[in-house]
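Read through the structure below, which is laid out as structure tokens, and then see the notes.
The values are calculated or read from the model by the stated rules, or taken from the named source; none is laboratory data. These numbers were taken from a predicted model, which means no experiment stands behind them. Here the Cβ positions follow ideal geometry from the backbone for every residue, glycine too, while neighbour counts run over all protein chains shown. All accessible areas refer to the heavy atoms of the entire protein, side chains included, with ligands and DNA or RNA removed. Shrake-Rupley method; radii C 1.70, N 1.55, O 1.52, S 1.80 Å.
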Amino acid sequence: MNKNAKWAAGPYLLWMVVFVIVPLILIGVFAFTTEAPFDLEGNRLTEEEAALLIEEQGEDAVENKTVFTLNHLFEVSEYLPVLLKSAWLALIATAICLIIGYPMAYFMSRFRREWQQVIQMLIMLPMWMNFLLRTYAWMTLLEKNGWINRFLGLFDIGPFNMINTQGAVVLGMIYNYLPFMILPLYSVMLKIENTTIEAAQDLGAGSVRVFTKVVIPLSMPGIASGITMVFVPAVSTFIISRMLGGGTNMLIGDLIDLQFLGNAYNPNLGAAISLVLMVFIILCMSITNQLDNGDEEMEGKML
Amino acid sequence: MSNSKNKIIELKNVSMTFRDSDTPVLNNISLDIHDNEFVTLLGPSGCGKTTTLRIIGGFATPDTGDLLFNGKRINDVPPYKRQVNTVFQKYALFPHLNVYDNVAFGLRISKVPEKEIKQRVMEMLEIVDLAGFEKRTIDQMSGGQQQRIAIARALVNNPKILLLDEPLGALDLKLRKEMQIELKKIQQRMSITFVYVTHDQEEALTMSDTVVVMNKGEIQQIGTPQDIYNEPVNAFVANFIGESNILPGIMHRDYLVEFAGNNFDCVDGGFEEMEPVDVVIRPEDITIVPASDEVLNGVVETVTFKGVHYEIVVNAYSDYWIVHSTKSANVGEVVGLSFTPEDIHIMKKSEMPKITRYTVGRSEEA
Ligand SMILES: Nc1ncnc2c1ncn2[C@@H]1O[C@H](COP(=O)(O)OP(=O)(O)OP(=O)(O)O)[C@@H](O)[C@H]1O
Ligand SMILES: [Mg+2]
């Protein structure tokens, strides 16, 4: 039985190898290699030498080979400001999602069952609409003569310049990723029993301390996964920044997109940026994970 | 009222109905709880014991009626402001804290210095026999251990009143007896008022100053364990407090009752002539004697060994009688059932609860 059960994981393992592990290796290979010209004896040439040789002896005198290089990684450092900006905007969006989503999830979990389902539906509903469409909708709302400015115009306020700003990008992130914050929070809060809260009240804790000493510590796993689920897609988004940020608010995602599909075509650089972004995200996540179990360690030290 | 101790908690005509239900959970409950008293709520599952505790603890609000603490109405005082601690039926321990921090929770809330906390928590863990488990997380503890953590967590705060909702339910018989003694000692030493819930009648009788028997959201009888056992006010109480033989009878006049086809002398009076009544005789009050015309005769149906005694079922006058006897009998044998007038308890047919008042004088005599 046990043996057979193990085999059931087979299809997915295969899937993982083909579509996760192999691409990861490819990205690694791309990031650390480049095409360099060689002469027929196998000597590496500079670009000028290669150009000269082609001029002298024709195309066939030079062949391109794939060689190891760290150049792309150095090149990425030029884009560090873009990475930091992406991280900053994603961080703001994540923080606001947490601030909005946390109380929402808490009260939702304390509502009566029927209401919980209705609210859950309302939260999920936008997610069933196409992502692009949702973001387009925000464009028409935020535009110079979009709905918001037209509405405010009725009261002789504005028009405000809202689209193509960092604020619009953050707004887009919050709107699109808020459900990913609320749902994991909601599901851990459902597991907090009313009697646990009553026990804290019984021992003298008023609402503030019930919150800080029981609800927040018990919802830490949800906070950690909510942060992950919002921050990761937000930091690497390119559609939101392109549509709501205009050309002026390029994020790291746009940069990668440009290297593969844009006019700056350079897959090696693109792969290197992706790799750096990935390492960056892994670092951030290990910090968030500290949130999750850091608590227990602290308690341990207090003893 | 001079011999009565200070009332610390009073429930006055408390009724409560849960939303989306039409039968009341509590129906006109009135109950006085005195300083240092050990009060036990006893009754079958679903009779409203937990709900009564929740009202005292502040987790439920009565629809009508009042809850008084030292004479002041506290219906609307939130739980965290009440000088009451609770041992919850489902323990309700904090899953994110270890054993030590669970027990220390209340003391930390009231800002007791860590040094004193450490001393009190350790002492408490010693009492509930969990010393050495401080660092364990809750899910590493067995059900019975968790229950004892819950007791320690509430007791460590030295509350004026401790509410205990079946606090020993998950323990084996031996540990349960030890903890009963331990709890009773603590209650007396620290002068805490205990409101204790159990559906184990033996536990209720051995530990309490006052027993409150409840059924279907109503109080059936309030009294000392002796009162409850010896003078149950109705068939429900008689049956719930230990096994009983309950027979239909007719009260011919004071001190003379007819049942099982015979007239018997008894010690109860105050009934109307020829009033139908319930007659209760405890199984251990009946002695098996040789069959004769002097006593009620019957045929032994079954004999079961119960450890301390034999449970013998006798068919007499087409009723089954339960007899507890240290001597066995033979199935099919015709035997006589002997009991004295004092063993016959007469109860009104109606189930109107009679209230026997708890007084200090009485409990000190006992
Ligand atoms: N939250 C609730 N909503 C609706 N009905 C409830 C609720 N809590 C309890 N009840 C009902 O109220 C009645 C009394 O419940 P309570 O918990 O007080 O019983 P109990 O005497 O403590 O029983 P047990 O010995 O099984 O713990 C039961 O019939 C129960 O079904
Ligand atoms: Mg209960």
Open item on the list: Give the aspartates and glutamates reachable from B:Lys135 as a straight Cα distance under 20 Å; neighbours fewer than 8 places away on the same chain don't count.
Closed with: A:Asp292, A:Asp295, A:Glu296, A:Glu297, A:Glu299, B:Asp101, B:Glu114, B:Glu116, B:Glu123, B:Glu126
Task: Per residue value of the accessible surface for the stretch B:1-124 (all protein chains in place, 1.4 Å probe), Å² - done: 46
Task: Accessible surface of the stretch B:1-160 [probe 1.4 Å, protein heavy atoms]: carbon and sulfur percent - done: 47
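Per the 1.4 Å probe, what fraction of the accessible area of the stretch B:231-364, in percent, lies on carbon and sulfur atoms? Don't skip to the end; give the middle numbers.
Details: 3540 of 7100 Å².
The nonpolar share, carbon plus sulfur, comes to 50 percent.
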Open item on the list: Report D for the stretch B:10-50 in µm² per second (integer): Stokes-Einstein, Kirkwood Rh on Cα pairs, 25 °C, 0.890 mPa s.
Closed with: 209
Task: Cα coordinate range in the stretch A:3-74, projected on the principal axes (Å, largest first) - done: 66, 28, 15
Task: Measure of compaction for the protein assembly as shown (Cα Rg per 2.2 N^0.38 Å) - done: 1.49
- [ ] Only Lys, Arg, Asp and Glu count, each charged at its Cβ (+1, +1, -1, -1), so figure out the dipole size of the protein assembly as shown about its Cα centre, rounded to 20 debye.
- [x] 1660
Task: Whole-angstrom Cα spans of the stretch A:32-114 along principal axes, big to small - done: 82, 28, 18
- [ ] For B:Val299 and B:Glu272, calculate 0.36 nm times their separation in residues minus their Cα-Cα distance, and state this gained length in nm to one decimal.
- [x] 6.4 nm
- [ ] Indicate, rounded to the nearest 5 percent, the antiparallel portion of the DSSP beta bridges found entirely in chain B.
- [x] 75
Open item on the list: Taking each pair of distinct Cα atoms in chain B once, what is the resulting Kirkwood hydrodynamic radius in Å?
Closed with: 22.8
Open item on the list: Only four residue types carry charge here, +1 at the Cβ of Lys and Arg and -1 at the Cβ of Asp and Glu. Report the dipole size of the stretch B:254-337 about the Cα centre in Debye, rounded to the nearest 20.
Closed with: 680
TODO: For chain A, report the accessible area per residue in Å² (1.4 Å probe, heavy atoms, rounded to an integer).
DONE: 58
Open item on the list: Can you tell me what share of the DSSP beta bridges in the protein assembly as shown is antiparallel? A percent to the nearest 5 is fine.
Closed with: 75
Task: Low-density loop positions, GluC sites (Glu not before Pro), the stretch B:274-309 - DSSP coil, at most 10 other Cβ in 10 Å - done: B:Glu294
TODO: In Å and from the alpha-carbon atoms only, list the Rg and Dmax of chain A.
DONE: 25.8, 91
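Let a ≥ b ≥ c be the square roots of the eigenvalues of the Cα gyration tensor of the stretch B:231-364; is it rounded (a/c under 1.5), or, if not, prolate (a/b larger than b/c) or oblate?
oblate
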Open item on the list: Just want the answer: with Cβ charges of +1 for Lys and Arg and -1 for Asp and Glu, which residue in A:Gln259, A:Trp138, B:Val211 is farthest toward the dipole's positive end in the protein assembly as shown?
Closed with: A:Trp138
Task: Protein accessible surface hidden between A and B, which excludes ligands and nucleic acids, total in Å², probe 1.4 Å - done: 2200
TODO: Positive end of the charge dipole of the protein assembly as shown (Lys, Arg +1 and Asp, Glu -1 on Cβ, about the Cα centre): tell me which of A:Ala9, B:Ile74, A:Phe111 has its Cα farthest that way.
DONE: B:Ile74
Open item on the list: Students often get this wrong, so check it: of B:Lys5/B:Lys72; B:Lys90/B:Lys185; B:Lys90/B:Lys174; A:Lys191/A:Lys213; B:Lys12/B:Lys174, which have C-alpha atoms separated by over 27 Å?
Closed with: B:Lys12/B:Lys174
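Residues of A:192-200, mean number of Cβ from any other protein chain within 10 Å of their own Cβ, rounded to a whole number?
6
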Task: On Cα atoms only, tilt of A:47-57 relative to the major axis of chain A in degrees - done: 40
Task: Cα gyration tensor, the stretch A:170-254 - rounded (a/c under 1.5), prolate or oblate - done: prolate
Task: Average partner coverage of B:94-100, which counts Cβ from other chains inside 10 Å - done: 6
Task: Extension reserve of the B:Val331-B:Lys72 stretch, reckoned as 0.36 nm per residue once the Cα distance is removed - done: 87.1 nm
- [ ] Could you state the accessible area per residue of the stretch B:231-364 in Å², with a 1.4 Å probe and every protein chain left in place?
- [x] 53
TODO: Rounded, prolate or oblate: pick one for the stretch A:92-192, where a ≥ b ≥ c are the square roots of the eigenvalues of its C-alpha gyration tensor, a/c under 1.5 means rounded, and failing that, prolate if a/b is larger than b/c, else oblate.
DONE: prolate
Open item on the list: Give me the residues in the stretch B:112-148 whose solvent-accessible area, probe 1.4 Å, is reduced by at least 20 Å² once all protein chains are included instead of the chain isolated.
Closed with: B:Lys135
- [ ] Positive end of the charge dipole of the protein assembly as shown (Lys, Arg +1 and Asp, Glu -1 on Cβ, about the Cα centre): tell me which of B:Phe38, A:Phe74, B:Pro248 has its Cα farthest that way.
- [x] A:Phe74
TODO: Keeping the other protein chains in place, figure out the carbon and sulfur percent of the accessible area of the stretch A:80-302, with a 1.4 Å probe.
DONE: 70
